[in-house]
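Peer 1: Structure below; questions to follow.
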Amino acid sequence: QSLSADGELIVEAVRHRDPERHRLLEQLVGRSVIRIGDAALGTPQVLRATQSRVPDHDAALLAVQANVHDPEFRAIYEAAGLGAAVILPLTARGRVRGTLHLVDVDPASTRPAAARHIAEELAARAALAIDNSRQYEREHRVASVLQRAMLPARLPLHERIEMSYAYRPAERESRVGGDWYDAFTIGHDRVAVSIGDVGGHGVEAAVAMNEA
């Protein structure tokens, strides 16, 4: 689950070994299931303390009943099976990004507690990977928008020359930024064409392109 700017927990991904229960849980993906300000048990405790917790079956059931106000969502959790679990904060660069839940549907299981330290290491690595991915996505979007904003919306019209262009930005963030093209009519029979590339990639290259 990821934590939104509005203090909501959004289900990002689910996995259950039982195909039917997995399809049931998939209905929650992309949905806001808990508002942190309205809840105190389970996941909100993990987020506030930035420490993992190992609730048993009864505690997990109580947390779902107290935190998940939508009866449809609550029914999905209960039908999928609640058991012993370990809930871990996803923390990267000093900020909590969300939570990871590992559940054993056997109410009497002690495996989540035994695997707590391994799970914490897994959560730390996953949080950093997710944060890196989102950071690269943000920079890619910024560089792409900046680069497109600096390119001409259309080329000039000339009675003797027909001009057209095709531009496709790089899909990878590391390759975005720095390319430019433009054309200018400088007389009745003269047209200047400018095509170039600033060394480097990303937002810095796109900014340098504007200054070139």
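The values are calculated or read from the model by the stated rules, or taken from the named source; none is laboratory data. Here the structure is a predicted model, which means the values were calculated and not measured. Here the Cβ is made from the backbone with ideal geometry for all residues, glycine too, and neighbour counts use every protein chain on show. For accessibility, only protein heavy atoms count, side chains too; no ligands or nucleic acids. Shrake-Rupley method; radii C 1.70, N 1.55, O 1.52, S 1.80 Å.
Peer 1: Tell me the accessible surface of residue 128 in square angstrom (1.4 angstrom probe, heavy atoms of protein chains only), to the nearest ten.
Peer 2: Roughly 80 Å² of residue 128 is accessible to a 1.4 Å probe.
Peer 1: Something else now. Which part of segment 19-38 falls in the paramagnetic zone of residue 126, meaning amide N under 19 Å from the point 7 Å along Cα-to-beta-carbon?
Peer 2: Residues 19, 21-34 qualify, since their backbone N sits under 19 Å from the label point.
Peer 1: Let me ask something else about it. Given 0.36 nm per residue, what is the gain on full extension from residue 49 to residue 154 after removing their alpha carbon distance, in nm? Before the final figure, lay out each step's value.
Peer 2: On the way: separation 105, 0.36 × 105 = 37.80 nm, distance 5.43 nm.
Contour length minus Cα-Cα distance gives 32.4 nm.
Peer 1: Let me check something: with ligands and nucleic acids excluded, how do 8, 137, 162, 20 order by accessible area (1.4 Å probe), largest to smallest? Working shown, then result.
Peer 2: Numbers: 8 45, 137 95, 162 175, 20 135 Å².
Descending accessible area places them as 162, 20, 137, 8.
Peer 1: How big is Rg to Rh over segment 1-131, alpha-carbon atoms, Rh as the Kirkwood inverse-mean-distance radius? Let's see the in-between values first.
Peer 2: Working: Rg = 13.7 Å, Rh = 14.7 Å.
Rounded to two decimals, Rg over Rh is 0.93.
Peer 1: What are the trypsin sites (Lys or Arg not before Pro) within segment 41-127 that DSSP puts in a loop, where the Cβ has at most 15 other Cβ atoms within 10 Å? It would help to have the intermediate numbers written out before the result.
Peer 2: Values: sites: 48, 53, 74, 93, 95, 97, 116, 125; in loops: 93.
Counting only loop positions with at most 15 other Cβ atoms within 10 Å, the trypsin sites (Lys or Arg not before Pro) in segment 41-127 are 93.
Peer 1: Give the accessible area for residue 185 in Å² (nearest 10); use a 1.4 Å probe, count only protein heavy atoms, and leave out ligands, DNA and RNA.
Peer 2: Accessible surface of residue 185 is approximately 70 Å².
Peer 1: Sticking with this one: Given the alpha-carbon gyration tensor of segment 1-49, what are the semi-axes of its equivalent ellipsoid in whole angstrom, ordered largest first, with each equal to the square root of 5 times an eigenvalue?
Peer 2: Over the Cα atoms of segment 1-49, the ellipsoid semi-axes are 23, 12, 8 Å.
Peer 1: Starting from the Cα-Cα distance between residue 193 and residue 12, subtract it from 0.36 nm times their residue separation and give me the gain in nm to one decimal. Present the calculation step by step, with values, prior to reporting the outcome.
Peer 2: On the way: separation 181, 0.36 × 181 = 65.16 nm, distance 4.74 nm.
Between residue 193 and residue 12, full extension yields 60.4 nm more.
Peer 1: Here is a further query. What do you reckon, how do 6, 179 stack up by accessible area (1.4 Å probe), largest on top? Please list the in-between numbers first.
Peer 2: On the way: 6 110, 179 60 Å².
Heavy-atom accessible area, descending, gives 6, 179.
Peer 1: For residue 109, what accessible area in Å² do you get when you roll a 1.4 Å probe over the heavy atoms of the protein chains, rounding to the nearest 10?
Peer 2: 20 Å²
Peer 1: Any idea what the dipole of segment 33-126 comes to, in debye rounded to 20, about its Cα centre with Lys/Arg Cβ at +1 and Asp/Glu Cβ at -1? Before the final figure, lay out the partial values.
Peer 2: Values: 10 positive and 10 negative charges, 117 e Å.
It works out to roughly 560 debye.
Peer 1: Okay, moving on. Between residue 2 and residue 106, what is the spin-label point distance in nm, taking each point 7 Å from the Cα along the Cα→C-beta axis?
Peer 2: Roughly 3.5 nm, to one decimal.
Peer 1: Related question: Rank these by accessible area, largest first, 1.4 Å probe: 57, 22. Provide the component values of the computation, followed by the final result.
Peer 2: On the way: 57 50, 22 25 Å².
Listed by decreasing accessible area, they come as 57, 22.
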